[in-house]
Amino acid sequence: MGVTSRSGKYIKFIIYLIAIVLINAAGLTLFSRIDLTKNKVYSISRASRQVVSTLSEPLTINVFFTRNLPAPYNNTERYLHDLLEEYAIHSNRYFNYRFYDVSPEEDDISDAARENQQLATNYGIYPVQIQILEKDELKFKKAYMGLVLIHGDTIETIPTITATDGLEYKLTTAIQKQNNKISALLGLSGKIDIKLFLSSSLKAVAPYMGIENLPDLPDKVRGIVEKLNEKNYGKLNYVYFDPSTDEALNQEAKAFNVMSLKWPGISNGKVPAGEGVIGLVMTYADRVVEMPLLNVIRVPLIGTQYSLADMDSLEENIGSSLESLIDINENIGYLADHGTLQLWGSPAMGGQQQPELLSNFRSMLARTYSIKDIRLAEDTIPEGLKCLVVAQPTKPFSDYELYQLDQMLMRGTSLVVFTDAFNEIMPPQQQFGYRQPPMYAPLQTGLEKLLGHYGVHIKTSYVLDENCYSQKVPAELGGGERAIYFAPVIQNRFINNDLDFMKNIKGLITMKNSPVELDEKRVSEIGAKTWKLFASSEKSWEMTGRINLDPMSIQPPASDADKKSLPLACLIEGEFPSYFAGRPMPEKSVEEKDPADTDQEILQAPAPAPAIQMDLTKVEETGGSIEKSKPVKIFLIGASEILKDNMLDEEGNSPNATFVMNVLDAANNRNDIAVMRSKIQEFNPLDDTGALAKTFVKTFNIAGLPVLVVLFGLFVWLRRLSRRKHIQMMYDKQ
């Protein structure tokens with residue numbers, strides 16, 4: 001009996017063991033995960049899955065991350081592990097990743113780790129200094145936290161990963177960029193010329209300018225190009241020109257605007273007076289990028305100083321210029337005339353921020369798109385463009401230019417408009433420190449009648465809101481905070497989260513925003529879909545007529561009846577009828593020329609051949625104009641301030657930056673990318689609660705919980721008392 005029982009236990013143990021092994025074996029093949037986070041931050045998005053599942057060439061991600069780092073860096077490493085594993089699950093056979101050991105053991109380092117550190121350095125990944133708390137002391141430690149993506153012959157490096165925010169977005173866009181780059185490079189019909197213009201005459205004067213290493217420059221540039229050629233399928237062609245020996249080369253260098261130097265005789269004539277050029281030019285087809293090789297700095301009291309460009313930076317600049325030359329990213333149009341905001345403004349001086357610039361917007365845009373300047377006065381809008389951005393036009397559009405915009409929409413190019421209802425006119429600078437406030441003139445460019453035809457327009461007013469940004473007042477002016485009513489803070493409940501690209505945006509801030517109105521009747525006739533993307537709070541009102549945005553002079557209306565929520569941005573999608581349907585194509589206005597220039601042209605032009613006289617007004621055109629559009633989107637917001645540097649962060653992680661880029665991605669039919677970008681949004685404000693609710697919660701926390709504890713204790717005491725009496729009664733009966 002005892003033997004039978006013991007053998008039964010052994011059989012059960014073996015069965016259980018086999019079951020556990022089988023379950024684990026099944027788990028390896030039937031792997032699944034459940035992400036319970038709201039934004040699915042631990043699951044890769046559809047765009048990422050599509051990118052890694054359609055790889056056509058091997059992609060290897062080499063990660064160099066120091067092990068056993070303290071929090072929060074160890075969480076970053078763990079997240080990176082999980083993220084790459086998730087990529088691997090959804091990828092095809094071309095995806096691979098590897099973590100390299102670069103960690104020292106105790107105070108020593110193994111040979112393998114040393115080799116891995118050298119490998120990381122070769123890829124441009126260097127250790128960064130992090131702050132750690134060890135034995136109650138703050139210490140600094142150097143750690144490797146970077147990775148490199150090797151796809152075909154292309155290499156993309158993310159040198160520093162200190163946080164998990166946006167890591168999936170960075171990886172996926174980097175892989176996309178490499179995919180596009182490979183396709184673009186392999187599709188080139190010729191090579192990209194990299195021309196070094198360096199006059200040999202400069203070598204004599206170089207020691208006096210402090211650039212003794214100038215003669216080595218051609219070999220250094222050649223080495224950089226050869227190194228880059230290994231990563232770019234040999235598509236670069238290096239050429240060294242010496243304009244001192246050929247006047248035609250000198251003229252070619254000047255045509256490329258290469259830096260030219262001219263010097264007098266030096267050292268009692270030992271170095272004769274002369275001139276020369278120095279610069280690098282990249283050309284492909286009709287595209288040209290010029291890069292300076294000589295830095296010139298004029299320092300007060302010291303004088304002019306010269307230095308050659310840093311070779312590491314030059315390699316990086318050639319790489320980025322190559323990408324712009326061959327259009328790796330998708331094109332996006334930007335209207336560059338009609339007084340729009342200048343996308344390529346002057347850089348900030350001395351590190352000071354210039355809030356009027358669009359530097360941050362341009363940086364965000366250039367990471368994802370190739371920006372094409374569109375000038376309606378000179379060119380036509382190219383075919384194949386998916387989206388055109390119009391930011392604060394201030395000059396009127398002619399009918400012919402409106403016709404171009406209209407036909408662009410008809411061809412299926414979406415329109416994104418950031419426009420203002422008023423033109424802000426700054427008064428001339430006054431003496432004695434007296435400053436007049438700016439004047440605001442209603443803006444009429446003609447674009448509004450085109451937008452009105454499609455069923456949307458902005459009102460000639462500004463939206464002011466009690467729920468707004470508060471400015472801190474200096475102590476010498478009384479301290480406290482001052483409400484900036486014309487900078488509404490958009491709460492989550494006034495943001496439309498129905499659209500995928502708006503789902504994780506829970507707060508925005510705008511400035512000098514005009515209300516947007518939808519013509520419901522017109523939209524219904526067209527059959528378009530409309531979305532009001534966000535609105536001001538119910539405590540907002542309009543300022544019309546004479547505009548004065550001095551915060552000291554603005555007072556909210558006394559009655560709540562004068563306040564209401566106002567839509568501030570909208571999106572329309574549909575097939576729109578042409579504004580010029582049934583009308584002849586407008587004539588293009590010809591710019592009047594200086595009579596002197598006209599005479600000169602006449603003198604130089606050959607005599608015209610005799611022509612047959614014909615009345616051209618009797619010629620009729622048919623066809624050519626499109627009267628109904630393909631499905632397109634029109635986005636309209638009555639504020640251009642949201643594009644400026646004081647409203648967007650450089651990294652593009654703020655809600656405002658995410659909103660702007662998501663709108664552009666949605667207009668370019670890249671909703672998956674917009675959704676992926678929104679996942680990193682951590683801004684999660686609390687819902688607004690009324691004063692009564694706040695008082696109730698506060699009172700409950702202070703008095704309610706102790707009262708509940710007392711009542712529960714009283715209940716337990718009464719129950720024990722009842723039980724005691726019940727037992728006593730049982731014994732009394734006996």
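The values are calculated or read from the model by the stated rules, or taken from the named source; none is laboratory data. Worth saying up front: this structure is predicted, and the values here are computed from it rather than measured. Cβ atoms come from the backbone with ideal geometry, glycine included; neighbour counts cover every protein chain shown. Only protein heavy atoms, including side chains, enter the accessible area calculation; ligands, DNA and RNA are left aside. Shrake-Rupley method; radii C 1.70, N 1.55, O 1.52, S 1.80 Å.
For the range 162-174, backbone phi angles converted through the Karplus equation (6.51, -1.76, 1.60; θ = phi - 60°) give residue-by-residue couplings of 9, 8, 8, 4, x, 5, 4, 4, 5, 5, 5, 5, 5 Hz, Gly and Pro being listed as x.
In this calculation the C-beta distance from PHE256 to GLU230 is compared with R0 = 22 Å, giving a FRET efficiency of 0.25. Largest first, the residues MET291, MET730 sort by 1.4 Å accessible area into MET730, MET291.
Evaluating 6.51 cos²θ - 1.76 cosθ + 1.60 at θ = phi - 60° for every residue in the range 462-468, the Karplus couplings come out as 10, 8, 10, 9, 5, 8, 9 Hz, glycine and proline recorded as x. Proximity of backbone amide H atoms, modeled 1.01 Å from N, is registered between ARG482 and GLN471, LYS472, VAL473 at under 5 Å, excluding neighbours fewer than 5 places apart on the same chain. Could you tell me which of the pairs LYS170/LYS386; LYS372/LYS529; LYS529/LYS630; LYS181/LYS231; LYS506/LYS529 are separated by over 18 angstrom between their Cα atoms in the structure shown? With Cα atoms farther than 18 Å apart: LYS170/LYS386; LYS372/LYS529; LYS506/LYS529.
Counting only DSSP H runs of at least 4 residues, each contributing -39500 (n - 2.57), and dividing by the residue count of the chain, the helix-based mean residue ellipticity at 222 nm comes to -10500 deg cm²/dmol.
Taking amide H positions as modeled 1.01 Å from N, with prolines and chain starts lacking one, no residue 5 or more places away or on another chain lies under 5 Å from MET647. Accessible surface area normalised per residue over the chain is 58 Å², counting heavy atoms of protein chains with a 1.4 Å rolling probe. Sorting the segments 445-458, 66-79 by their mean number of nearby beta carbons within 10 angstrom, highest to lowest, gives 445-458, 66-79.
Placing R0 at 30 angstrom, the Cβ-Cβ distance between ASN24 and ASP101 gives a FRET efficiency of 0.65 after rounding to 0.05.
By DSSP, the beta bridges lying fully in the chain are antiparallel in about 70 percent of cases. Largest first, the residues PHE140, PHE361 sort by 1.4 Å accessible area into PHE140, PHE361. Charging the Cβ of each Asp and Glu at -1 and of each Lys and Arg at +1, and nothing else, the dipole of the chain about its Cα centre rounds to 4340 debye.
When its C-alpha radius of gyration is set against 2.2 N^0.38 Å (N residues), the range 484-586 gives a value of 1.35.
In terms of packing, defined here as the mean over residues of other Cβ atoms within 10 angstrom, the peptides 638-645, 131-138, 515-522 line up highest first as 638-645, 515-522, 131-138. I'd like the orientation of helix 73-90 relative to the chain: the angle between its Cα long axis and the longest Cα principal axis, in ° from 0 to 90, rounded to 10. Helix 73-90 sits roughly 80 degrees off the main axis of the chain.
Here the Karplus relation 6.51 cos²θ - 1.76 cosθ + 1.60, evaluated at θ = phi - 60°, turns the backbone of the range 277-284 into coupling constants of 10, 8, x, 10, 10, 10, 10, 8 Hz, with x for every Gly and Pro.
Sorting LYS231, LYS698 by solvent-accessible area of protein heavy atoms yields LYS698, LYS231, largest first, with a 1.4 Å probe.
The SER398 and THR544 beta-carbon pair, evaluated with R₀ = 25 Å, returns a calculated FRET efficiency of approximately 0.30. Close amide H contacts of VAL102 (hydrogens built in the peptide plane, cut-off under 5 Å, sequence separation of 5 or more or a different chain): PHE65, ARG67. Each label point was placed 7 Å from the Cα along the Cα-to-Cβ direction; for ALA703 and THR162 their separation is 5.0 nm. In terms of distances greater than 25 angstrom between alpha carbons, the cross-link table entries LYS449/LYS633; LYS40/LYS633; LYS459/LYS521 yield LYS40/LYS633.
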